[in-house]
Amino acid sequence: MKSLKTDLNGLYPPSDAVQQSAHIASLDQYLKMYKASIEDPIQFWEKLSKPFFWKQQPTGPFLRYNFDLKKGNIFTKWMEGATTNVCYNLVDKHVEEGNGHRMAYYWEGNDPTEQKQITYQGLLEAICKCANVLKTLGIQKGNRVAIYMPTTIEAIIAMLSCARIGAIHVVIFAGFSAEALAERMIAANAKLLVTADGTFRGTKFIPLKSIATQALKQCKAAGHLINHCVVFNRLQTSKLNKDVPDIPWDDSIDLAWETVMASASDLCEVEWVDAEHPLFILYTSGSTGKPKGVLHTSGGYLLYAATVFKYAFDYHEEDLFFCSGDLGWITGHTFNVYGALACKSSTVIFDGIPTYPDGGRFWELIDRYQVTTFYTAPTAIRTLMQLDRSYVTKYSRASLRLLGSVGEPIDPATWHWFYEVVGEKRCPIIDTFWQTETGGPIICPLPGSTPLKPGSATLPFFGIVPAIVDADGVEMIGEGEGYLVIKNPWPGIARTLDGNHQRFESTYFEPYNGYYYTGDAAKRDADGYFWIIGRRDDMLNVSGHLLSTAEIESALMQHPAVAEAAAVSAAHAIKGESIHCFIVLKHRWKYDGIIEDAIKAIVRNKIGAFAVPELIHPVPALPKVASGKIMRRLLKKVVQQDADLGDTSTLVDQTIIEQLLALTTKKG
Ligand code: WT7
């Protein structure tokens with residue numbers, strides 16, 4: 001970090017225009033504030049917590065934690081004893097302060113004619129109504145509510161009505177299959193499901209209600225009864241809704257959103273909850289194949305989400321924020337909902353795809369709404385990069401001030417296209433590194449202070465002390481490459497994995513005792529900049545969706561012909577990574593297109609379309625060590641057609657890799 005000011009080669013320093021109005025307007029200012037945040041985190045975060053409303057102040061220490069398994073259980077508690085309500089801070093407070101007329105959301109559907117908007121006042125009324133509906137349906141503080149909805153204002157209303165009454169929302173990405181939805185509803189012990197009739201991805205119909213109905217049947221068969229399903233009529237505004245199949249309906253379970261909302265009162269007292277009361281659970285993939293229910297709590301998460309929103313996007317009241325992320329993932333939670341509303345932002349949310357009706361959709365949207373801050377994922381940028389440049393250049397994009405990226409490393413080529421073509425070298429690229437578990441970005445540049453390096457997530461956010469450790473857990477000082485860990489607690493860190501605290505400890509704290517382990521490898525350069533290399537556990541990142549090899553393999557194994565299976569990632573020009581599967585067939589089965597289609601269908605049904613393998617290789621055997629463990633590292637070499645195998649001495653059958661290399665070449 002020290003040498004930065006003298007050597008700006010290859011760096012993109014903040015422009016004067018950006019610096020002029022920035023909250024943090026120089027590297028020195030960032031360094032000073034960062035130093036304060038790590039030297040006295042309590043004082044730092046206490047000060048930032050002041051603008052929020054706390055019904056009661058903390059009764060004990062502002063922060064208590066233990067990251068050392070030798071000293072006992074892992075825990076992090078911020079502002080214990082304080083009471084608040086996150087929904088109150090996000091909505092009521094702004095209305096009470098006279099900002100009810102301010103626009104909270106502009107919603108844009110898949111179809112460019114589908115538009116809605118809602119003010120803070122409107123949002124408050126709708127949330128109160130929905131909270132009353134939940135209460136009528138028996139939902140109480142601490143109960144879990146599953147939300148399986150496309151990115152809509154109504155999904156946000158459902159989320160915040162849970163927060164209002166102290167219930168815990170469990171948003172399940174609307175790309176998941178019935179089986180994946182049921183598995184998560186059962187794991188979370190959800191009492192109620194809120195869904196929609198369906199939505200479109202381009203011209204493709206997504207039958208959400210049919211999937212939900214199937215999932216509810218699966219829950220029932222497993223002995224988990226969900227008595228009510230509230231269904232929002234999402235298709236009413238769609239022009240494509242003419243030919244959709246009938247929406248299944250069961251009067252004994254299903255309730256129309258519009259009907260229940262119409263008769264509910266728009267007044268609903270907030271429930272004051274402890275700062276450490278759970279706010280939501282969000283499932284993410286885990287390396288055992290069983291999804292992890294990442295649990296975030298109220299006070300700390302609110303504080304962190306608001307702080308990263310303000311500083312990472314250098315948020316000002318006149319900004320219009322547009323994040324293309326789905327509400328079903330943490331990006332949608334932290335930025336589209338919690339961070340944005342905490343900062344009183346006006347936000348565009350989008351239930352569509354970047355290529356429909358054509359590849360200019362994002363840029364058209366940005367012009368029409370006059371978006372200042374656009375946050376998206378490398379996979380979307382790479383898709384749009386392939387298209388003719390005129391899709392971008394025919395729109396002005398003059399309103400854009402800032403661009404952001406999340407979900408996977410943004411390679412320099414993609415970075416440059418985003419920076420030069422989209423932002424016309426005017427907008428800094430805010431590459432935010434984070435995870436479902438971290439609650440918000442933990443390594444990212446700040447627009448007015450951080451000189452950028454294409455491909456680097458740059459420097460730690462306030463209060464974050466990252467370190468690089470080697471395989472033995474020894475911390476590396478200065479330049480180096482190894483495993484990325486965080487040494488200290490921050491307000492947004494997940495508190496546990498729902499129902500399995502031991503898995504929380506073993507996944508994140510046991511690998512390098514004393515540190516939070518991200519699961520990623522990273523490099524730190526001479527300037528102290530971090531470069532995320534990627535996952536080091538059995539995880540794949542396909543179009544920004546994190547999947548585990550075990551999850552995919554267990555789906556593959558469901559086909560009666562499959563004796564053994566292994567999934568590995570392969571580099572993919574648009575998705576970042578794609579899934580290649582190796583399968584060994586049972587005796588007497590012969591691989592053909594029918595088996596291939598059936599296997600893909602199983603993956604689609606068990607997980608979702610986004611997890612379907614790119615390629616399936618039928619092979620005579622898998623490379624294994626004596627204990628039977630599959631050497632996925634070598635399968636990756638096969639996928640890359642890289643004969644430089646490294647140490648294969650533990651491999652039982654030394655000839656297998658050569659066979660596999662030959663087999664996969666033939667496939668081309
Ligand atoms: C994993 C977390 C954070 C919201 C979306 C993903 C990868 C995320 C970056 C980035 C390099 C990134 C990491 C991480 N990742 N952002 N800016 N640069 N890698 O959340 O599903 O919990 O996935 O995504 O590998 O561990 P998630």
Residue by residue through region 556-570, which ³J(HN,Hα) values in whole Hz follow from phi under the Karplus form 6.51 cos²θ - 1.76 cosθ + 1.60 (θ = phi - 60°), with glycine and proline marked x?
4, 5, 6, 6, x, 7, 8, 8, 9, 8, 9, 10, 9, 8, 10
Provide the solvent-accessible area of residue 496, counting protein heavy atoms only and rolling a 1.4 Å probe, rounded to the nearest 10 Å².
30 Å²
Name the residues whose placed amide hydrogens come within less than 5 Å of the amide hydrogen of residue 256, ignoring near sequence neighbours (fewer than 5 apart) on the same chain.
231
At what distance in nm do the modelled label points of residue 70 and residue 222 sit from each other, each positioned 7 Å from its Cα along Cα→Cβ?
4.0 nm
Report the antiparallel proportion of the DSSP beta bridges in the chain as a percent, rounded to a multiple of 5.
60 percent
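Can you pull the percent of the chain's accessible area that's carbon plus sulfur, 1.4 Å probe, other chains left in place? All intermediate terms of the calculation are to be shown ahead of the outcome.
On the way: 13190 of 25350 Å².
Carbon and sulfur atoms account for 52 percent of the accessible area of the chain.
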Under a point-charge model restricted to the Cβ atoms of Lys and Arg (+1) and Asp and Glu (-1), what is the dipole moment magnitude of the chain relative to its Cα centre, in debye to the nearest 20?
600 debye
Once you sort the root eigenvalues of the Cα gyration tensor of region 202-355 as a ≥ b ≥ c, which label holds: rounded (a/c under 1.5), prolate (a/b larger than b/c) or oblate (the other case)?
prolate
Measure out, as a whole number of angstrom, how far apart the alpha-carbon centroids of region 468-545 and region 337-367 sit.
31 Å
Starting from the amide H of residue 192, placed 1.01 Å from N in the peptide plane, find each other amide H under 5 Å away whose residue is 5 or more places distant or on another chain.
146
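Might you tell me the accessible area per residue for region 543-667, computed with a 1.4 Å probe and given in Å²? Let's see the in-between values first.
Numbers: 5970 Å² over 125 residues.
Per residue, region 543-667 has 48 Å² of solvent-accessible surface.
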Between region 99-124 and region 574-618, the alpha-carbon center distance in angstrom
41 Å
Going by Cβ distance under 4.7 Å, what cysteines of the chain have no possible disulfide partner?
87, 130, 162, 219, 229, 323, 343, 427, 444, 581
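Summing Lys, Arg as +1 and Asp, Glu as -1, what charge do residues with Cβ under 10 Å from the Cβ of residue 564 carry, residue 564 excluded?
Values: positive: 586, 624; negative: 553.
Taking every Cβ under 10 Å from that of residue 564, the sum is +1.
Run the numbers for residue 80 and residue 56: contour at 0.36 nm per residue of separation, minus the present Cα-Cα distance, in nm. Display every interim value, and only then the final one.
Values: separation 24, 0.36 × 24 = 8.64 nm, distance 1.03 nm.
Full-extension gain reported as 7.6 nm.
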Going from most exposed to least, what order do 539, 385 have by accessible area with a 1.4 Å probe?
385, 539
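Would you please classify the overall shape of the chain from the alpha carbon gyration tensor, given that a ≥ b ≥ c denote the square roots of the eigenvalues, rounded means a/c under 1.5, and beyond that prolate means a/b larger than b/c while oblate covers the rest?
Rounded, since a/c falls under 1.5.
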Please list 623-631, 241-249 highest first by mean number of surrounding beta-carbon atoms within 10 Å per residue.
623-631, 241-249
Can you tell me the dipole magnitude for region 543-667 around its Cα centre, using point charges on the Cβ only (Lys, Arg +1; Asp, Glu -1), in Debye to the nearest 20?
220 debye
Note: residue 629 to residue 96 extended length (0.36 nm per residue) minus current alpha-carbon separation gives 185.9 nm
Mind listing which trypsin sites (Lys or Arg not before Pro) in region 382-443 are in a DSSP loop and have 14 or fewer other Cβ atoms within 10 Å?
389, 394, 425
Non-local amide H neighbours of residue 430 (under 5 Å, H modeled in plane, Pro and chain starts lacking H): which ones?
403, 404, 405
Distance in nm between label sites at residue 246 and residue 103, each 7 Å beyond Cα in the beta-carbon direction?
4.1 nm
Note: probe point = Cα of residue 396 + 7 Å toward Cβ; backbone nitrogen < 12 Å; residues of region 339-381 passing the test are 367-371
With the cut-off at 1.5 for a/c, could you classify region 83-148 from its C-alpha gyration tensor as rounded, prolate or oblate?
oblate
Quick one: 3J(HN,Hα) in Hz for region 194-211, Karplus 6.51/-1.76/1.60 with θ = phi - 60°, rounded, Gly and Pro as x.
10, 9, 9, 5, x, 7, 10, 10, x, 8, 8, 7, 10, x, 4, 5, 4, 5
quick note, region 543-667, DSSP beta bridge pairs, % antiparallel (nearest 5) is 75 percent
Descending principal axes extents, region 543-667, alpha-carbon based, whole Å:
39, 37, 29
For region 543-667, the charge dipole (Cβ of Lys, Arg +1; Cβ of Asp, Glu -1; about the Cα centre) points to a positive end, and the Cα of 665, 557, 584 closest to that extreme belongs to 557
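Calculate, for residue 584 and residue 521, the FRET efficiency according to 1/(1 + (r/R0)^6) with r their C-beta to C-beta distance and R0 30 Å; round to the nearest 0.05. Each step should come with its number before you reach the end.
Details: r = 30 Å, r/R0 = 1.00.
Working from the Cβ atoms, E equals 0.50.
Among 444-453, 556-565, 59-68, how do they line up by average Cβ neighbours within 10 Å per residue, starting with the highest?
Values: 444-453: 24.1, 556-565: 17.6, 59-68: 15.0.
For the peptides 444-453, 556-565, 59-68, the packing ranking is 444-453, 556-565, 59-68.
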Calculate for the chain the 222 nm mean residue ellipticity that helices alone would give, adding -39,500 (n - 2.57) per DSSP H run of length 4 or more and normalising by residue count, nearest 500 deg cm²/dmol.
-8000 deg cm²/dmol
Cα centre as origin, Lys/Arg/Asp/Glu Cβ charges: region 109-181 dipole, Debye
420 debye
Positive-end residue of 652, 605, 566, charge dipole of region 543-667 with Cβ unit charges:
605
Let me confirm the definition first: pairs of Lys residues in region 1-112, 8 or more apart or on different chains, C-alpha distance under 29 Å. How many are there?
21
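The values are calculated or read from the model by the stated rules, or taken from the named source; none is laboratory data. Here the structure is a predicted model, which is why all the values come from computation and not from measurement. Cβ sites come from the backbone with ideal geometry, for glycine too, and all protein chains shown count toward neighbours. These accessible areas exclude ligands, DNA and RNA; they are computed on the full protein's heavy atoms, side chains included. Shrake-Rupley method; radii C 1.70, N 1.55, O 1.52, S 1.80 Å.
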